[in-house]
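Have a look at the structure below, then the notes.
The values are calculated or read from the model by the stated rules, or taken from the named source; none is laboratory data. Everything numeric in this text was worked out from a predicted model, so none of it was measured. Reconstructed Cβ throughout: ideal geometry from the backbone, glycine too, with neighbour counts over all protein chains shown. With ligands, DNA and RNA removed, areas are computed over all heavy atoms of the protein, side chains included. Shrake-Rupley method; radii C 1.70, N 1.55, O 1.52, S 1.80 Å.
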Amino acid sequence: TINNANDADNESDDEFSLNSGSPAPSDGGRPPPLLYLRITNAKVVCSLLKTIQFRDLATICASVNGLKVTVEDCKSLQANVYLQTSLFSQYTLRDDEPLFFKLNYVMLLECLQMFSDTEASSPAVMELFLPDDRSAVELHLEDAGVVTDCRIRTIEPEQTLDFNFNAAALCFKVIIRSEQLKEVFSELDPHSELVEIFVSTERRLFRMSTFGDLGRGVYDFPAESEAVEMFQSPDVSVAFRYRHALLKCCLKALQASAKASIRCDQRGFLSLQFLVESADGHNCFIEFFLVPNQPEDEDEIAGSDDERH
Amino acid sequence: MKFRAATQDAGCVQYLCKAIVFVSKLANNCVMRCTPDCIYFVLCGHTVEGGVRVWFEIKRDTLFSDYSMAGLDEEHEELEVVLETMVGALTKSFGQARGLRLKLTRRDAAPLLQMELELPTVLTDESRHVTHNVPVRVVPLRYWGEFQTPLEPEFDISFYFPPLSTVRNVLDRMRNLSNRLTIFAQRSTRDQGKCSMRLSVTNSMASVSTTFKDLQLPRWRDEPVDAAGDVQNGRNGDEGDEAEDAEAAAEGVDVPQSARPVRVAVDIRKIGSLLSSPLACPTRIVCNLVRHRVAQFFIFYDEVQLQYFIPALDTE
């Protein structure tokens, strides 16, 4: 249970001396880092990043607009958290082109939370560097004289999925308040492998259904209800089914948000966008793309089409 | 052999019980060693991977109003008793105990520790007395050597550990990376009276280290101090790292013995359980490191002192 002895080889005393200060990447002859961020609100950043931690790896894209953190699952689900530059007290991208790197997301979150559990009222100050060689992401946290340095090795980034979501030719769009939507999400029958989203043009409602051994669960949001802020109906009623396990990955983001925008394109690809409001007015977006379940993958589902109308 | 101790102070009873429960969680066997001045609870985890050893010392005056004992004979004025089941007897009832009386007795030639707890009754002011008879084994004389208080050991470096609240959180996070924790400590060149400590963990994906600076150095009793103010209780470093010597020589730096970093790798879970004590916050914790051998913790609470030895993962 104790990690292998090779770890001992990784500890070299020569980088150890406590009596020298820890070198910042910008001195000592190293070229300046590709990316440098200074965060004074680590707790806020952490809580946003935790909402999409359903897999171990994440790809991060740093551009002049800020960071986009992406986590994917099985080519059917993609989650993105957008952290604009205004969230950081300092944000420096050395070259103007966007850069991509990939790392173990669990490790990153562990390091970011190193001080966030203490009762200290002053939030920890944190710096993040991606050095020129891109071999690892370095974090430097300082809190009341205690200094923590983390190095998280990077992995060769792969192209993230592009779902070709056509926002200009939507099938439907609804905006629903998260307070009501999250109740429905958490009540969905856990034994139902699929969740169906049905939007009716004639009756102007948004419906989520589950199909379990004990029966069918049906949750309706009519366009006139208070929870629905916007309802752009499809030309004809549509229904698409999604894997429940994938939809569940959205729950944390939904719970952190104030409202959810659900858009669907002609192929049934869903784009869920959650708006997270923060105390200081810096709103953030968390976005999910889901691929609908293909009919040939479905098992026989109880209930006939008539039940929909 | 005789042993009798009593206290009528609810606070003392609580304290003793909490201490016993805490200490019994750290290792399996519990030996109670009574001397005229102190009671020690000694736990020796003799296990294959190198056990943790604990000495918990309570001065009799602190907790007991009445205390008397007589050892084996005039030469061996001590009593050593194995108490595996003492904890079970205490945990259920001690919460409201007003008094406690301990007495070593025997029934049918088997030794027992009689624990009499004075508990309140629901409706009246009178107390009821609940007596537990805990079977004990007297440790044979030939094993007493194992339970002697260790002399203050030679160490490579000794310093006051930083506040538990900060260290605990860091260790909790580090535990998720690896079970192997490396402790480095080094005297500060700027200020001979201080040192820095670094805790670090590494796995295939990440490495994390946290550095605590400006930790005070304690003064050990009777330690000889040379003209330069360096503590001489440390070892001469003859068995130390040749690699460290070589590096220092390569840099052309004449590194005094006491300023070389001291490294000990331990199992992080053993420190974690030590730091999560139900007793009130310790007044101070001293950490002694013996390079590649052991990390020793001396934890001082108001009335009691706990010594905890964690062997290094790779001994040389």
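General observations
- For B:Val294, residues with placed amide H under 5 Å, excluding near neighbours: B:Ala312
- Unsatisfied cross-links (Cα-Cα over 28 Å) in the set A:Lys50/B:Lys213; B:Lys59/B:Lys194; A:Lys43/B:Lys18; A:Lys50/B:Lys18; B:Lys18/B:Lys103: A:Lys50/B:Lys213; B:Lys59/B:Lys194; A:Lys43/B:Lys18; A:Lys50/B:Lys18
- Electrostatic bookkeeping for B:Cys195 treats Lys and Arg as +1 and Asp and Glu as -1; over the other residues with beta carbon under 10 Å from its beta carbon, the sum is +1.
- If R0 is 41 Å, the Cβ-Cβ spacing of B:Val138 and B:Arg190 corresponds to a FRET efficiency of close to 0.15.
- Accessible surface area normalised per residue over segment A:170-308 is 49 Å², counting heavy atoms of protein chains with a 1.4 Å rolling probe.
- Remark: the Cα gyration tensor places segment A:41-143 in the oblate category, a/c being 1.5 or greater and a/b not exceeding b/c.
- Neighbouring partner chain Cβ atoms per residue of B:206-219, average, 10 Å criterion: 5
- In order along segment A:253-269, the phi-based Karplus estimate (6.51 cos²θ - 1.76 cosθ + 1.60, θ = phi - 60°) of 3J(HN,Hα) comes to 5, 4, 5, 7, 9, 9, 8, 10, 9, 10, 10, 9, 9, 4, 8, x, 6 Hz; Gly and Pro are listed as x.
- Amide H contacts under 5 Å for B:Arg284: B:Phe300, restricted to partners 5 or more places along the chain or on a different chain, H placed in the peptide plane at 1.01 Å from N.
- Projected label points at B:Asp214 and B:Thr62, each 7 Å from Cα along the beta carbon direction, are separated by 3.0 nanometres.
- Cα gyration tensor shape for segment A:170-308, rounded if a/c is under 1.5, else prolate or oblate: prolate
- Chains A and B together, accessible area buried on both sides, 1.4 angstrom probe, square angstrom: 3200 Å²
- Accessible area, probe 1.4 Å, largest first, for residues A:Val174, A:Val238: A:Val238, A:Val174
- Of the solvent-accessible surface of segment A:170-308, computed with a 1.4 Å probe over protein heavy atoms with every protein chain present, carbon and sulfur atoms account for 46 percent.
- In a fully extended conformation the segment linking A:Leu275 and A:Gln255 would gain 6.2 nm over its present Cα-Cα distance, using 0.36 nm per residue.
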